[in-house]
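S.K.: Just dropping this structure here.
The values are calculated or read from the model by the stated rules, or taken from the named source; none is laboratory data. From a predicted model like this one, the values you see are computed outputs, not experimental measurements. Cβ placement follows ideal geometry from the backbone for every residue including glycine, while neighbour counts extend to all protein chains displayed. Each accessible area value is taken on the protein alone, full model and side chains, heavy atoms only, with ligands, DNA and RNA left out. Shrake-Rupley method; radii C 1.70, N 1.55, O 1.52, S 1.80 Å.
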Amino acid sequence: MSRYRPPKVNSAPYITAEGAKGLRSELYDLWKIERPKVTQIVHEAAKNGDRSENGDYIYGKRRLREIDRRVRYLTKRIEAATVVEKPPSDPSRVFFAAFVTLENLAREKSEYRLVGADEIDPQKNWISIDSPIARALIGKKINDVVKTDTPAGTRELTILKIRYKQ
């Protein structure tokens, strides 16, 4: 008996130049630095005989599977990604990679950056281009009021500032 799983919604294939560089760096580190070290540990552990009770061998093999899985994901993601390096032709509107300063009804200000799914960073307020807030902001201008449904409820936000690059 199988379980039905609805198809996953694909995230936008966009990524900033910095994000692409980060993914390539992670791929290089995993493939050229970490994987050879773990492979050597597994090789040494395999020489010790009984592999069924050999912790280094068991955990090394598990780590190799994790590394290989991540390498496959990164390789596919990098190939499929569209790197956005230039600001849009109309920088007065919100598009991918924009830093957007917003104000809510309580006059609280916050700044978000619209980035790809692989670059999300809550500490920096970098949100996915696929998030409800980002989807509502795309194409809007300064002083536009945006209403969006979020898990916390409906929010009404005013765009105060739009900029590209740091």
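S.K.: With respect to residue 119, is the statement that it is modelled with pLDDT under 95 and either farther than 25 Å from residue 26 by Cα or open to solvent by 70 Å² or more (accessible area, probe 1.4 Å) (or both) true?
M.R.: Details: modelled with pLDDT under 95: yes; either farther than 25 Å from residue 26 by Cα or open to solvent by 70 Å² or more (accessible area, probe 1.4 Å) (or both): no.
Against the criterion (modelled with pLDDT under 95 and either farther than 25 Å from residue 26 by Cα or open to solvent by 70 Å² or more (accessible area, probe 1.4 Å) (or both)), residue 119 does not qualify.
S.K.: Follow-up question, since we're still on this one. Quick one: count up the residues across region 62-104 that are part of a strand (DSSP E or B) and among the polar types (S, T, N, Q). So that I can check it myself, show each step before the final result.
M.R.: First, pick out the residues of region 62-104 that are part of a strand (DSSP E or B): 82-84, 93, 98-103.
Subsequent filtering for residues that are among the polar types (S, T, N, Q) retains 82, 101.
The qualifying residues number 2.
S.K.: In the list 80, 106, 46, which residue meets the criterion of being open to solvent by less than 80 Å² (accessible area, probe 1.4 Å) and touching a residue at least 12 places away in the same chain (Cβ under 8 Å)?
M.R.: Numbers: 106 fails: touching a residue at least 12 places away in the same chain (Cβ under 8 Å); 46 fails: touching a residue at least 12 places away in the same chain (Cβ under 8 Å).
Exactly one residue qualifies, and that residue is 80.
S.K.: Among the residues of region 87-103, is any of a type in the set (A, V, I, L, M, F, W, C), under 30 Å from residue 154 (Cβ atoms) and modelled with pLDDT under 90?
M.R.: Filtering region 87-103 down to residues of a type in the set (A, V, I, L, M, F, W, C) leaves 94-100, 102.
With under 30 Å from residue 154 (Cβ atoms) added as a condition, the list becomes 94-100, 102.
Now narrow it down to the ones that are modelled with pLDDT under 90: none.
No, that holds for no residue.
S.K.: For residue 12, state whether it is surrounded by 10 or more Cβ atoms within 10 Å (Cβ to Cβ) and at pLDDT below 85. Walk me through how you get there before you give the answer.
M.R.: Numbers: surrounded by 10 or more Cβ atoms within 10 Å (Cβ to Cβ): yes; at pLDDT below 85: yes.
So residue 12 fits the description; yes.
S.K.: Looking only at region 72-96, which residues are in contact with a Phe, Trp or Tyr (Cβ under 6 Å, 6 or more places away or on another chain) and aliphatic (A, V, I, L, M)?
M.R.: Across region 72-96, the qualifying residue is only 84.
S.K.: Only one of (1) in contact (Cβ under 8 Å) with a residue 24 or more places away in the chain; (2) over 16 Å from the mean Cα position of the chain (by Cα) is not met by residue 13, so which one is it?
M.R.: (2)
S.K.: Output the qualifying pairs, or none if there are none: Cβ atoms under 6 angstrom, residues six or more apart or on different chains, first residue in region 144-163 and among the acidic types (Asp, Glu) and surrounded by fewer than 14 Cβ atoms within 10 Å (Cβ to Cβ), second residue assigned to a loop (DSSP other than H, G, I, E, B) and modelled with pLDDT under 95.
M.R.: Every condition considered, the pairs that remain are 156/105.
S.K.: Hey, any hits in region 89-100 for a residue that's β-branched (Val, Ile, Thr) and open to solvent by 60 Å² or more (accessible area, probe 1.4 Å)? Write out each step before concluding.
M.R.: So the first thing to find is which residues in region 89-100 are β-branched (Val, Ile, Thr), and the list is 94, 100.
After this cut, where a residue has to be open to solvent by 60 Å² or more (accessible area, probe 1.4 Å) as well, the list is none.
The answer is no; no qualifying residue exists.
S.K.: Does at least one position in region 17-35 carry a residue that is among the polar types (S, T, N, Q), open to solvent by less than 100 Å² (accessible area, probe 1.4 Å) and not in a helix (DSSP H, G or I)?
M.R.: Of all residues in region 17-35, those among the polar types (S, T, N, Q) come to 25.
Those still in the list that are open to solvent by less than 100 Å² (accessible area, probe 1.4 Å) too: 25.
Those left that are additionally not in a helix (DSSP H, G or I): none.
No: region 17-35 contains no residue that is among the polar types (S, T, N, Q), open to solvent by less than 100 Å² (accessible area, probe 1.4 Å) and not in a helix (DSSP H, G or I).
S.K.: Among residues belonging to region 115-143 that are assigned to a strand (DSSP E or B) and in contact (Cβ under 8 Å) with a residue 24 or more places away in the chain, point out the one that is farthest from the chain's Cα centre (by Cα). Outline the logic, then answer.
M.R.: As a first pass, look at region 115-143 and keep what is assigned to a strand (DSSP E or B): 115, 121, 126-128, 141.
Still in the list and also in contact (Cβ under 8 Å) with a residue 24 or more places away in the chain: 115, 128, 141.
Details: 115: 8, 128: 7, 141: 25 Å.
That would be 141.
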